[in-house]
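Some notes on the structure that comes next.
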Amino acid sequence: MHESTISRATSNKWVHTPQGLFELKYFFNAGINREDGGEDIASEAVKRFIKQIVGAEEPKRPYSDQKLVELLRAQHKIDIARRTVAKYREQLGILPSAQRKKSF
């Protein structure tokens with residue numbers, strides 16, 4: 001089935017498990033293409049890479065979303081759009097680079 005069909009079918013539906021209450025979409029991760037044509041990578045893995053990169057950045061010179069795209073491409077061969085990086089960054093609760101900058 002197409003990804004959009006699954007998305008519509010699982011929209012606004014939740015499941016109660018012994019581990020807690022989850023939206024059905026939680027169990028369906030979109031795949032992100034690899035630049036080298038390798039196996040797709042889960043969006044959750046990309047979010048983890050973004051979190052690691054931002055966690056290791058220099059506080060005086062935080063990375064822009066475009067720089068994160070370039071680093072993901074260089075380090076992990078992940079082909080991703082800047083707006084997707086921005087969306088994942090917001091979902092992770094990571095502020096934009098201008099607001100992460102430390103002046104001291």
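Rule-based calculations on the coordinates, nothing more; no lab input. Everything numeric in this text was worked out from a predicted model, so none of it was measured. Cβ sites come from the backbone with ideal geometry, for glycine too, and all protein chains shown count toward neighbours.
Quick notes
- Among the trypsin sites (Lys or Arg not before Pro) in the chain, those placed in a DSSP loop whose Cβ has at most 11 other Cβ atoms within 10 Å are Lys13, Lys60, Lys102.
- Residues listed by number, segment 23-46, amide nitrogen under 12 Å from Lys87 label point at 7 Å toward C-beta: 30-32, 43
- Each Lys or Arg adds one and each Asp or Glu takes one away; over the other residues whose Cβ falls under 12 Å from the Cβ of Val15, this sums to +1.
- Where the Cα pairs of the chain fall when distances are cut into 5 Å bins, in %: 2, 11, 19, 19, 17, 13, 11, 6, 2, 1, 0
- Part-to-part distance (alpha-carbon centres) for segment 6-40 and segment 43-104, which is given in Å: 22
- Among the GluC sites (Glu not before Pro) found in segment 19-92, those both in a DSSP coil and sparsely packed, with 12 or fewer other Cβ atoms within 10 Å of their Cβ, are Glu39.
- Proximal charge balance of Lys60 [Cβ under 15 Å; K/R count +1, D/E count -1]: +3
- Neighbourhood net charge (12 Å Cβ-Cβ; Lys/Arg +1, Asp/Glu -1) for Gly38: -3
- Sites Gln75 and Lys101 - FRET efficiency at Förster radius 25 Å, r taken between beta-carbons, to 0.05: 0.65
- Mean separation of Cα contacts under 8 Å (6+ apart) over length of segment 33-104, as relative contact order %: 39
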